[in-house]
1. DSSP loop trypsin sites (Lys or Arg not before Pro) in segment 272-344 with at most 13 other Cβ atoms within 10 Å of their Cβ, which ones?
2. Counting other Cβ atoms within 10 Å of each Cβ, which trypsin sites (Lys or Arg not before Pro) in segment 380-455 have at most 16 and sit in a DSSP loop?
3. Could you grab the Rg to Rh ratio for the chain? Cα atoms only, Kirkwood for Rh.
4. Is it possible to state the helix-based mean residue ellipticity at 222 nm for the chain, with each DSSP H run of 4+ residues giving -39500 (n - 2.57), the sum divided by total residues, to the nearest 500 deg cm²/dmol? What is it?
5. Between Gln287 and Leu80, 0.36 nm times their residue separation minus their Cα-Cα distance comes to what?
6. Roughly speaking, what is the centre-to-centre gap between segment 215-270 and segment 444-473 when only Cα atoms are used, to the nearest Å?
7. Mind putting a number on the dipole of segment 204-329 about its Cα centre? Charges go on the C-beta only, +1 for Lys and Arg and -1 for Asp and Glu, and I need it in Debye to the nearest 20.
8. Please work out the average accessible area per residue across the chain, using the 1.4 Å probe convention, and give it in Å².
Amino acid sequence: MKHLASILILLLFSQMGHAQTKGNTSYETLWTKVAQLEEESLTISALEVVNTISKKSKKEQNSPQTIKALLYSSKYSMVLEEESQLTIVNEFKSEINKATTPTKNILESYLANLYWQYYQQNRFEFYNRTKTETKEDHLDFRTWDLSTLFEEITFHFERSLEDKEVLQKLDINIFKDILDHQKDSKLYRPSLYDVLAHTALDFYKTSENGIITPSYKFELDQPKYFTSAEKFSVLTLNPKDSSSLQLKALKLYQQLLTFHLKDKSPLAMVNVDIERLHFVKQYASIQEVDQYYLEALKNTANSFKGDVAALYHYEIAALYDQWAKNFLPISDEKNQWKRKEALEICNAIIEKYPKSVAAEKSLALKSQILSRNLQLKAEGALPINTASRILVNYKNMDGLKLSAYTITEGEKVQLEKIYPIEKQKSFINKLQLAKQWTGTLKNVGDYQNHSTEILLPALPNGLYVILAEDDAT
């Protein structure tokens, strides 16, 4: 049970918040009473109040309150019942059978997620099960094989998106009491349909998309999937592999783009489009996939103006930064300066659109590009009174100030137990200084990691710790 308990706590109550309902004194009073009873550990009494809220909300057709009451009653079932998995799932099924849009859709999404999270916490058990022609027990999902479970998850996610025209007209603010809002979330997820669709996409985009293997397997193997949002929205997708999660993801992206292409503000559409391009890039099985992705970003950026275009330019900067990680001195130098190009794009976005979302993202990437890195490596035992070398791995540094301190075995053990690094430095500075010197590093301005060797002066017999600091002066 206790797997499903953690699912409900971590999934349900993080996806849909449990803040007190504002603007309705009656519900607010009832939920306050629930909170008080919870604090007093009076679970049965709290459940009785929740049941009252459930009856009231159904009578008044208050969808958010109905859903919230079900979540709380499920939570209490975990406390009051030893084996509550089936009880909770069956309660969701029962409510779904009685509910109408939009309550039904939200509960379908929850049920699909319950199954999905249950699989994630028990995946190794499922991989050892043999596929059966029929469900071993159509009521007990714990006995299902992997294919059956995934088919059921897909079924409920698809049901959660039925009556999409109704869902698309429901402003997400209607559900503010049970939805966990993030900054500017309404700009990118303005309707209930958006929230439910993206919840389904989280499943469809899973890397475990090869679990169900049909005779014909859908592949992202054509450049056309990188076409513009408008063209992609009407693209004919091969329907042969109806079980493919990737195909379902693409079709859902099509529906979201079609829905938002007519919006006055392009932000929701752009958000979906960029997410779609990320997805295709991640799973496409075509040559030069990065070049198709880059071309798509550039073409779309040119079709917009201002801070909307900047969102695509930021993605180009992020791609260049990713390419820069492939740089290898001598053996593969073609991407050496890509991080510098990325920084130039970020600086341009920050300067032109300082208060935009693209600028916020660019500032984070800029900070990452400009960050410094330093690692030293020396032999554990060196000849007495003989100069040697230290291997230095560094990034964005011009020189080092190095200090050698004598240290005892006991002090070494103490130092290894000290965190964070600021406290380690304070500890080292109290040791006896044996020698101090500087080392020059070659910084060509490519914002890449480099390696070199610097001098380690001759030292008498003893145990030493070397402190290296940026020699900014």
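The values are calculated or read from the model by the stated rules, or taken from the named source; none is laboratory data. Values in this document were obtained by computation on a predicted structure and should not be read as measured data. Note that we place each Cβ from the backbone using ideal geometry, even for glycine, and neighbour counts take in every protein chain shown. Accessible surface is based on the protein model in full, side chains and every heavy atom, while ligands, DNA and RNA are left aside. Shrake-Rupley method; radii C 1.70, N 1.55, O 1.52, S 1.80 Å.
1. Sites meeting the loop and neighbour criteria: Lys305, Lys325, Lys334.
2. Within segment 380-455, the qualifying trypsin sites (Lys or Arg not before Pro) (loop, at most 16 other Cβ atoms within 10 Å) are Lys417, Lys430, Lys442.
3. 1.07
4. When only DSSP H runs of four or more count, the value is -16500 deg cm²/dmol.
5. In short, 68.9 nm is gained.
6. Segment 215-270 and segment 444-473 have Cα centres spaced 53 Å from each other.
7. The calculated dipole for segment 204-329 is roughly 340 debye.
8. Spelled out: the 1.4 Å probe surface of the chain, per residue, equals 52 Å².
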